[in-house]
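A short worksheet on the structure shown next.
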């Protein structure tokens, strides 16, 4: 709420009369591709020599008369689109994130003032425009007809200042936007907190579940940028990426920052990949040797073989044998890396049906052995992977399958 509403209205009226709006752009970057995805346009009220004369809190205040808000909206839209034209002519695939005041379109009398009509006159490729709505406004009321019309016309939708709250997620899954920007307060301190990093990673998964690309906004430091990327927010924007070249203090410019972050992120990914590869290599050999024992021992001793396995191998989460249809034949043995309570959460007793699990998509299609990552493990609160391998015994016409789930991280000795 502005302190002096009358003064604010007078200042904004002057801006509207003079069309005194200047447009600034902030890049939205991809740390994976080392490129610029697009720009968010910020409008500022200025005088004839470019000095800011109206604070943004006044220019975009919800306390302004609705008619004034609509005039500000149309002025800013037109100014942003005009200034973006030269960028669009040179870079056809660059996206303009165009802020929209949802409140003014939630009234029937303003329905004909759709931002779609303003943009249409500029003849931009619709896929190069992302209309950006403030989540807090949509939590009160969503102009669904307008948003669906924009989506059906090929325009992109972006949600700004998102928080992972019940009201916010209601908006996300009703609209299913192209982009969702995570507000800084949600991730602040991510570079110093493991639990914050896990929270942000969960947010990225939720946003992707809605079919959106996650973007972190308000990034201020290199540590934040790297931690956000590790948590699934490869798309970012913020003060940290302000490009002032290389100043006298030796601060890295925009391009150097992006290259360094990409290199650091790739370095961490390579380390994690190599660790996972080595762990997989170990358990691949373990699965082969276990199958040899299962083939050599009497079929009635398969539980004994699996008990020896989980006792010896610290990284085993669970181990069991099923038949070719997915029916569980053995006990499901829980290793030191697993929690036996997990057996109560999922089918784990002899006779249980596992034929619907992902690995049977491949095993039923002719593959003899497959490996993958578990979407969710009832036995472990960390990353896990599995190896599923067919093996055969002379007395059985159909094969059996050994399924090993193992921790995708080095296990320290207790």
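The values are calculated or read from the model by the stated rules, or taken from the named source; none is laboratory data. Model, not experiment: these values are computed from the prediction. All Cβ positions, glycine included, derive from the backbone under ideal geometry; neighbour counts span all protein chains shown.
Suppose we keep only residues that are buried (at least 16 other Cβ atoms within 10 Å of the Cβ) and free of Cβ contacts under 8 Å to residues at least 40 places away in the same chain within the stretch 373-414. Which one would you say is nearest to residue 300 (Cα to Cα)? Residue satisfying both the conditions and the ranking: 388. Given the criteria more than 29 Å from residue 103 (Cβ to Cβ), in the same structural domain as residue 42 (by TED's automatic domain parsing) and touching a strand residue (DSSP E or B) at 6+ places or on another chain (Cβ under 8 Å), does residue 155 qualify? The answer is no for residue 155.
Limited to the stretch 116-143, what total is found for residues that are touching a strand residue (DSSP E or B) at 6+ places or on another chain (Cβ under 6 Å) and either modelled with pLDDT of 90 or more or surrounded by fewer than 22 Cβ atoms within 10 Å (Cβ to Cβ) (or both)?
Counting residues in the stretch 116-143 that are touching a strand residue (DSSP E or B) at 6+ places or on another chain (Cβ under 6 Å) and either modelled with pLDDT of 90 or more or surrounded by fewer than 22 Cβ atoms within 10 Å (Cβ to Cβ) (or both) gives 8.
Residues that are in contact with a strand residue (DSSP E or B) (Cβ under 7 Å, 6 or more places away or on another chain) and free of Cβ contacts under 8 Å to residues at least 40 places away in the same chain within the stretch 310-325 comprise just one, 310. Within the stretch 207-224, is there a residue that is farther than 25 Å from residue 129 by Cβ, over 14 Å from the mean Cα position of the chain (by Cα), assigned by TED's automatic domain parsing to the domain that holds residue 38 and crowded, with 17+ Cβ neighbours inside 10 Å? The answer is yes; a qualifying residue exists.
Where helices (runs of 4 or more DSSP H) sit wholly within the stretch 1-92, those with at least 3 residues that are in contact with a strand residue (DSSP E or B) (Cβ under 8 Å, 6 or more places away or on another chain) and touching a residue at least 24 places away in the same chain (Cβ under 8 Å) occupy 5-18, 66-90. Among the numbered conditions (1) free of Cβ contacts under 8 Å to residues at least 24 places away in the same chain; (2) surrounded by 13 or more Cβ atoms within 10 Å (Cβ to Cβ), the only one that residue 260 does not meet is (1).
When residue 338 is tested against (1) surrounded by 13 or more Cβ atoms within 10 Å (Cβ to Cβ); (2) farther than 30 Å from residue 223 by Cβ; (3) without any contact (Cβ under 8 Å) to a residue 12 or more places away in the chain, exactly one condition is not met: (3). Among the residues of the stretch 93-111, those that are crowded, with 19+ Cβ neighbours inside 10 Å and touching a strand residue (DSSP E or B) at 6+ places or on another chain (Cβ under 6 Å) comprise 95, 96, 97, 98, 99, 100, 102. Of all residues in the stretch 187-221, which are assigned to a helix (DSSP H, G or I) and either closer than 17 Å to residue 239 by Cβ or touching a residue at least 60 places away in the same chain (Cβ under 8 Å) (or both)? Listed by number, the residues that qualify are 187, 190, 191.
Within the stretch 172-198, how many residues turn out to be modelled with pLDDT under 95, under 14 Å from the mean Cα position of the chain (by Cα) and surrounded by fewer than 17 Cβ atoms within 10 Å (Cβ to Cβ)? Counting residues in the stretch 172-198 that are modelled with pLDDT under 95, under 14 Å from the mean Cα position of the chain (by Cα) and surrounded by fewer than 17 Cβ atoms within 10 Å (Cβ to Cβ) gives 1.
Per this entry, residue 210 is not counted among residues that are within 15 Å of residue 31 (Cβ to Cβ) and touching a helix residue (DSSP H, G or I) at 6+ places or on another chain (Cβ under 8 Å). Every test in (1) within 27 Å of residue 197 (Cα to Cα); (2) surrounded by 13 or more Cβ atoms within 10 Å (Cβ to Cβ); (3) at pLDDT 95 or above is passed by residue 253 save one, and that test is (3).
Checking 159, 150, 169 one by one, the residue that is surrounded by 12 or more Cβ atoms within 10 Å (Cβ to Cβ), farther than 27 Å from residue 184 by Cα, at pLDDT 90 or above and touching a helix residue (DSSP H, G or I) at 6+ places or on another chain (Cβ under 8 Å) is 150 and no other.
Counting only residues that are modelled with pLDDT of 95 or more and either more than 32 Å from the chain's Cα centre (by Cα) or more than 30 Å from residue 201 (Cα to Cα) (or both), give me the strands (runs of 3 or more DSSP E) lying completely in the stretch 277-391 with at least 3 of them.
Hits in the stretch 277-391: 316-323, 384-391.
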